[in-house]
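Data block below; observations after.
The values are calculated or read from the model by the stated rules, or taken from the named source; none is laboratory data. Bear in mind that the values here come from a model prediction, so they are computed numbers and not experimental data. Positions of Cβ are backbone-derived with ideal geometry, glycine not excepted, and every protein chain shown enters the neighbour counts. SASA here: full protein model, heavy atoms, side chains in, ligands and nucleic acids out. Shrake-Rupley method; radii C 1.70, N 1.55, O 1.52, S 1.80 Å.
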Amino acid sequence: MIESKLPQVGTTIFTVMSKMASDYGAINLSQGFPGFDCDPHLVALVNKYMKTGHNQYAPMSGVPVFREILAEKTSSVYGVQYDPEEEVTIVSGATEALYAAVTAVVRPGDEVILLEPNYDSYAPAVELNGGMPIYVSLNLPDFSIDWNKVEEAITERTKAIMVNTPHNPGGYVWTKADLDNLAALIQDEEIFVISDEVYEHIVFDGNQHHSLMTHPVLKARTFVCGSFGKTYHVTGWKIGYCLAPKELTREFRKVHQFITFSSATPLQYALAEYLKEPAHYLDLPKFYQIKRDFFCAGLQSTPFKFTPAQGSFFQTVGYGHLSDESDFDLAVRMTQQLGVACIPVSVFYKEKTDHKLIRFCFAKEEDELEQALERLRRLKFE
Ligand code: PMP
Ligand code: GLN
């Protein structure tokens, strides 16, 4: 008999809810993916590179022109330099970047601080490496960080902290003060930072994404993990990257080369060419703000309580003022009876803590959002 290395883990909630949405013909605002296609020009570029023979293994660390343009883009957006040769690695999605970074640093018995609710791949990555996740809860309702609690969680066994800004599912966007607070806590410790910044270009209300790389103390010890899936509406392509100082990248690549070795070649060439046009990512906040505003305006006439997300393409809403129903039961009921699927936020907590919150993905066309809102207005609680 096989003894599970992840006995607590079942099928991810994203698979469960997307399947339920499809089984019941519900509008799927659960799993986070755009409900519209990417730019046809991007598809044409992939096609071009496939037709011109770019179909064999890419270099292990990524196609050089891609790493170069990504380093240039990072410099122009954040004013931070990474050497494309030794500090930029292309991988198969942020999920791989996170896993490889954790694997590069975590040894059995090490503690890794996670700020919950957190994305579901973090804890299994830590546990598969023999590490122990140490959970610190984010403040509600805004999902900001209680730095005193983080300080209390640090021990001599702390090897890393995993952070996520803009945050999924809460939409919180780190401030400069958050960067300073983290830096102050770890600057004299040997603690690495694994920073999940997949929603870096989805920030609202004129706010700015403060990448951890912009703080020199943090940059020196941080693996910045990103993904083109969110930025270019191509979540199915699974192309991501890791930016990290040379010594960290060296270890990161040792792991990456035995997870996937390299990522799809024509996709890398196509994305490299597409990256040359900054408008493709600079216009994204405006593009998604229209959707967030539309969805939040519609939510006003539903029973839910919420504060508009600061970033990401998720809106989390509360219903605790109306009912004791568990968030999971509500998500199932809404999918099956109302025809709108969402994610119960308790799944992002280690103990499945139920704060009566559910998450909607608003990366959808307006008519789909409107249809969902119409159904949500009919939601009744016992
Ligand atoms: N981190 C967060 C916070 C996410 O929401 C996601 C998924 N969309 C990922 C990582 C995974 O990204 P990818 O699809 O590039 O692996
Ligand atoms: N990141 C997406 C979400 O939070 C889902 C990704 C996945 O399905 N693994 O919904």
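Set against the 2.2 N^0.38 Å expectation for a compact globular protein, the stretch 19-147 has a Cα radius of gyration ratio of 1.40.
Per q in 0.07, 0.10, 0.15 Å⁻¹, report the Debye log10 I(q)/I(0) for the chain, using one uniform scatterer on each alpha carbon and no solvent. Taking Cα atoms of the chain as identical point scatterers yields -0.31, -0.64, -1.44. Other residues lying with their Cβ under 10 Å from the Cβ of VAL163 contribute a combined charge of -3, Lys and Arg counting +1, Asp and Glu -1. Screening the chain for DSSP H helices whose Cα atoms reach 20 Å or more along their own axis and whose mean Kyte hydropathy is at least -1.0 gives 64-78, 284-299. Could you tell me the relative contact order of the stretch 141-287? Use alpha-carbon pairs under 8 Å, at least six residues apart, and round to a whole percent. Relative contact order of the stretch 141-287: 19 percent.
Based on Cα contacts under 8 Å between residues 6+ apart, the chain shows a relative contact order of 25 percent. Along the axis of the charge dipole computed for the stretch 1-152 (Cβ charges of +1 for Lys and Arg, -1 for Asp and Glu, origin at the Cα centre), the listed residues LEU98, LEU115, SER30 are led at the positive end by SER30. Measuring nothing but how far apart in sequence close Cα pairs (under 8 Å, 6+ apart) lie, relative to its length, the stretch 277-382 scores a relative contact order of 32 percent. Spatially close Lys pairs in the stretch 164-278, defined by Cα atoms under 19 Å apart and a spacing of eight or more places or different chains, total 5.
For ALA44 and THR15, a Förster radius of 22 Å and the Cβ-Cβ distance give a FRET efficiency of 0.10, rounded to the nearest 0.05.
Count charges around PHE294 for me, please; just the other residues with Cβ under 9 Å from its Cβ, Lys/Arg as +1, Asp/Glu as -1.
Local net charge: -1.
Taking trypsin sites (Lys or Arg not before Pro) across the stretch 323-361, none is in a DSSP loop with at most 11 further Cβ atoms lying within 10 angstrom of its Cβ. Element breakdown for the stretch 4-81 at a 1.4 angstrom probe: carbon and sulfur atoms account for 55% of the accessible area.
Note on SER75 and GLU3: with the Förster distance fixed at 51 Å, the Cβ-Cβ geometry gives a FRET efficiency of about 0.60.
In whole percents, the pair-distance distribution calculated for the stretch 157-214 from its alpha-carbon pairs, binned every 5 Å from zero, is 4, 18, 29, 23, 14, 8, 3, 1.
Please figure out what share of the DSSP beta bridges in the chain is antiparallel and state it in percent, rounded to the nearest 5. About 45 percent, rounded to the nearest 5. Of the two radii for the stretch 94-135, the radius of gyration is 0.92 times the Kirkwood radius, both from the alpha carbons; that is the Rg over Rh value. Dipole magnitude for the chain: about 720 debye, using +1 per Lys or Arg Cβ and -1 per Asp or Glu Cβ, origin at the Cα centre. Given a Förster distance of 25 angstrom, what is the FRET efficiency for GLU366 paired with ASP283, based on the Cβ-Cβ distance and rounded to 0.05? Taking R0 as 25 Å, the efficiency between GLU366 and ASP283 is 0.90.
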